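The values are calculated or read from the model by the stated rules, or taken from the named source; none is laboratory data. A quick note: this is a predicted structure, and the numbers were derived from the prediction, not measured. Here Cβ is always computed from backbone atoms with ideal geometry, including for glycine, and neighbour counts include all displayed protein chains. For the accessible areas, the whole protein counts, side chains as well, though only heavy atoms, and no ligand, DNA or RNA atoms are used. Shrake-Rupley method; radii C 1.70, N 1.55, O 1.52, S 1.80 Å.
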Amino acid sequence: MDFINVEKKWQKKWADSKLYSFDKSKIKDKYYVLEMFSYPSGAKLHAGHWYNYGPSDTFARFMRMNGKEVFQPMGFDAFGLPAENYAIKSGIHPQDSTLKNIATMEGQLKAMGASFDWDYEIKTCMPDYYKWTQWIFLQLYKHNLAYRKEAPVNWCPSCNTVLANEQVVDGACERCHTTVIRKNLTQWFFKITQYAEELLQGLDTIDWPEKTKAMQRNWIGKSTGGEIEFTCESGDKFSVFTTRADTVFGVSYVILAPEHPLVDKITTDEHKASIAAYKDNCAKISEIDRMSTTREKTGAFTGAYCINPVNGEKVPIWIGDYVLYSYGTGAVMGVAAHDERDYDFAKKFDLQIRRVVKSKDGGNDDLPYCDYGVICNTGTQFDGMTSEEGKVAIVKWLEEKNNGRLKTNYRLRDWLISRQRYWGAPIPIVYCDKCGEVPVPEKDLPVSLPYNVEFKPNGKSPLASCEEFMNATCPKCGGKARRDPDTMDTFVCSSWYYLRYPDAHNDKAAFDPEIVNKMLPVDKYIGGAEHACMHLLYARFFTKALRDMGYLKFDEPFKSLVHQGTILGPDGFKMSKSRGNIISPDDYVSKFGSDAFRLYLMFGFSYIEGGPWSANGMESITKFLERVERIVDRANLQNNDNQQMDAQEKALNYTRNYTIKRVSEDLGAFSFNTAVARIMEYVNELYKYDSATGDKKNASFFKACISDLVLLLAPFVPHIAEELNEKLGGKYSVFEMRYPVCDENALVKDEYELAVQINSRMKAKIIVPSDADAKEIEEIALQNTSVKSAIGDMNIVKVIVIPKRLVNVVCK
RNA sequence: GCCGAAGUGGUGGAAUUGGCAGACGCGCCGGACUCAAAAUCCGGUGAUGGCGACAUCGUGCGGGUUCAAGUCCCGCCUUCGGCACCA
């Protein structure tokens, strides 16, 4: 078969007949399959794209053949830094390069032969899309979920922009790996923390990889404990957050973050200089160094004291940079005996160490003792309580005295979305001298991104120097106003694109809730695991926020999620230009065809795992497809009218239905490699039957078996399957036929083979009737001559019979 | 340090969740067809010992539970992902 031309032929026919158009009248049977959309980079589609889109298209086609009205759209995540960086280097405008790249990628994606419905395509950089991104911003603003504040932010000096916490990896910029510095800037935030608890709880309701859910749980980082209030001698009050209130009697000092506002106020004159020096020092230390757990603890004494509310003791107040101002209250109680960090600190500065918890069983007595135990040495009613009881009881007791309360904290921070970059969606806010911060009215959207902008970096937002953009009229007072020169993080665009797809051309709204509430949630979402704590978390947040605003009626955007593995270079490393280990699919596709390439990707790897690329076996896939074609040709040659269903036909029919059953199960579970293996076995059986029966075969039965083979293969090799179906005289299209359904009756055998073990060692195989019960099986087994001789003169202790599995005879 | 995943032939990878380890491929060996080659078809292929039927060993390492462990439990090692002074 001329694979290359066959592909062209069917791609044209599919496009002409609009085979993959979503039929809205069948919305009841909708099945929304979504692959994470692509970033339109200059490079061609790489093996990773194919690995993402090929197998998931196979899945989509399988669902289609199961009678689902499959909605499988495709689009482009088109804003972003790479296009802008490329522009800085080459002088080519990001819009021009992006649109050109999109055109190229569209062609490549179509050449893959995936069943995308291109009528719903979206490109996030187009005004008809980002208009609605801005609209969503305004809704968040209206509902107090978007706010501006000055905060220390992560600044990448190379990209000249702030980064979200999620985009800082090991203290460096996720993209360019430049060390991130701290900067105080006024920036826009989305209040994702308001949904921390629900984002956590919701994980239990969705079918996602456990690993990804664990990562999100971790990222949200819930911890329950209490806030305890300490009063300074000066009368000032501050609280600490602790999860171990059971140890509060052991406080030997309290420690504030260097940035804590109280520090300057309470520091005694005598210590002013040293505290100032310490704070100065902290500001100089890089974020990575400060975060290092191995670094020796540092700190400085303020000279001030406060009162421990549980026992009235006077404790010294220190500052130290191991306390983070951004978490909890920015202040911590130091319990040297029961916390490793506090222990180190106390040892270094020679502070008191007092034990107030002992082990439950009197075992380990080393300090620091950080496990839960039993409270001791406090001389109060709490002595003898377990840590678990005590940590609640003590806080409640303090609460009565107005000195504390139960408290839950999350590590999740609000999402910083301002970017000092050009190629993104403008923030729809203007600043008026009189009225301050004013949202752009919805009727004035979009706030268009101007084309003529100097985007060479100068430490400020490129838009800031574009007067035509910056000058605006205040919607409230009509006076002069300035626009926000920043653009939104591109993750904002991708946080709602799955909502736009089903109503992609709506120019009155971001989406019609009527449609979206029927089409969503996404039934199967497929994409890389690297988005666990970014895109996948943000999208969940958007969904919940829009639900609370009344637009959506569902809680979670992606009901079921699958991560494909990564195809590594042949050297076992991640493919990258710098390593020079990139495998281009084109070489293989032009030689073997896209079907063969896709089939190879599915057969050669475990989809979830991925692995290093190796072309070993690429040829054998082509051989297999040719083998399939030959057996299809054989079916066409048969024309006798034998109708027998004898042992050989029954055996083949068994394999046929067993294959149907297993392939369907495997496809549902994204286990493509085993599904292909089952089909190969089936082909082997077809050959066996063909050669064993010669011209005496049941031709119509054989042909039916071959038809099923073509249907089974259709999702895997769509072009070839259309061609083979045509050869067999089938109607167009094979994708409008139903996937074969297993006939359970064909799987019922009269008898089956069963393994017999003697003392857990395989000794014989026996044939037993399918309906034999344990007792009958035991009799048959014990009469078997090999079994008898293996038992010899041993005594049978007991016989374990597991029908359909095995028999184990235990002897002495 | 914490969380998660993984470790199986020469090789990619299977194993119905505790039940015949190594499915299906690749590679290798052999056979058929052929004057020959290619293509194709058929068979063999974990290791060790034995002419042999067979026996022993075998899923990262060490223990354990069980009639039965790749799978469960305890203790380690290695690799890969994620988090990391979060009080």
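Miscellaneous remarks
- Loop-located trypsin sites (Lys or Arg not before Pro) in the stretch A:391-448 whose Cβ has at most 12 other Cβ within 10 Å (DSSP): A:401, A:434
- For chain A, the solvent-accessible area of protein heavy atoms averages 44 Å² per residue (probe radius 1.4 Å; ligands and nucleic acids excluded).
- Of all DSSP bridge pairs formed entirely within chain A, close to 75 percent run antiparallel.
- Taking the charge dipole of chain A about its Cα centre, with +1 at Lys and Arg Cβ atoms and -1 at Asp and Glu Cβ atoms, the residue from A:92, A:311, A:762 reaching farthest to the positive side is A:92.
- Residues of type lysines that residue A:348 reaches as a straight line, Cα spacing below 25 Å, ignoring anything fewer than 8 places off in the same chain: A:272, A:279, A:284, A:297, A:314, A:358
- Using alpha-carbon coordinates, inclination of helix A:718-727 to the longest axis of chain A, degrees: 20 degrees
- Computed magnitude of the charge dipole of chain A (debye, nearest 20; Cβ of K, R +1, Cβ of D, E -1): 620 debye
- Shape category assigned to the stretch A:609-672 from the gyration tensor of Cα positions, a/c cut at 1.5: oblate
- Prolate is the label for the stretch A:301-427, because a/c, from the alpha-carbon gyration tensor with a ≥ b ≥ c as root eigenvalues, is 1.5 or above and a/b exceeds b/c.
- Those GluC sites (Glu not before Pro) in the stretch A:418-463 that DSSP places in a loop and that have at most 14 other beta carbons within 10 Å: A:454
- With 30 Å as the limit, the listed pairs A:110/A:518; A:476/A:508; A:460/A:524; A:149/A:222; A:559/A:661; A:68/A:110 have A:460/A:524 beyond it between alpha carbons.
- The C-alpha radius of gyration of the stretch A:248-372, expressed as a fraction of 2.2 N^0.38 Å, stands at 1.09.
- For the stretch A:563-569, 3J(HN,Hα) per residue [Karplus equation, 6.51 cos²θ - 1.76 cosθ + 1.60, θ = phi - 60°, Hz, x = Gly/Pro]: 9, 6, x, 10, 7, 8, x
- Rounded to the nearest angstrom and listed largest first, the equivalent-ellipsoid semi-axes of the stretch A:563-605 from its Cα gyration tensor are 20, 14, 7.
- Net dipole in debye of the stretch A:385-426 [+1 Lys, Arg Cβ; -1 Asp, Glu Cβ; about Cα centre; nearest 20]: 340 debye
- Using Cβ point charges alone (K and R +1, D and E -1), the dipole size of the stretch A:446-510 about the Cα centre works out to roughly 200 debye.
- Heavy-atom accessible surface of chain A: percent carbon and sulfur, 1.4 Å: 49 percent
- If you look at the Cα atoms of the stretch A:388-501, you get an Rg and a Dmax of 22.1, 65 Å.
- For chain A, the spread of Cα positions along each principal axis, largest first, Å: 107, 85, 49
- The Stokes-Einstein estimate for the stretch A:619-760, based on a Kirkwood radius over Cα pairs and taken at 25 °C with 0.890 mPa s viscosity, is a diffusion coefficient of 153 µm²/s.
- In Hz, Karplus ³J(HN,Hα) per residue of the stretch A:482-489 (6.51, -1.76, 1.60; θ = phi - 60°; x = Gly, Pro): 10, 7, 6, x, 8, 10, 8, 3
- Positive-end residue of A:206, A:188, A:248, charge dipole of the stretch A:174-251 with Cβ unit charges: A:188
- Put simply, the amide H of residue A:185, placed in the peptide plane, has neighbours under 5 Å in A:151, A:153, leaving out anything fewer than 5 places away on its chain.
- The listed peptides A:653-663, A:570-580, A:543-553, ordered by packing as a protection proxy, come out as A:653-663, A:543-553, A:570-580 (highest mean of other Cβ atoms within 10 Å first).
- Crossing angle, helix A:3-17 versus chain A [Cα axis fit, 0-90 degrees, rounded to tens]: 70 degrees
- Eigen-decomposition of the gyration tensor built on the alpha-carbon atoms of the stretch A:162-209 gives equivalent ellipsoid semi-axes of 28, 17, 7 angstrom, largest listed first.
- Rg(Cα)/(2.2 N^0.38 Å) for the stretch A:137-239, N = residue count: 1.41
- Charge-dipole axis of the stretch A:11-126 as Lys and Arg at +1 and Asp and Glu at -1 on Cβ define it, positive-most pick from A:102, A:67, A:41: A:67
- Shape category assigned to the stretch A:188-295 from the gyration tensor of Cα positions, a/c cut at 1.5: prolate
- Dimensions in Å of the stretch A:20-155 - Rg and Dmax from alpha carbons: 18.3, 55
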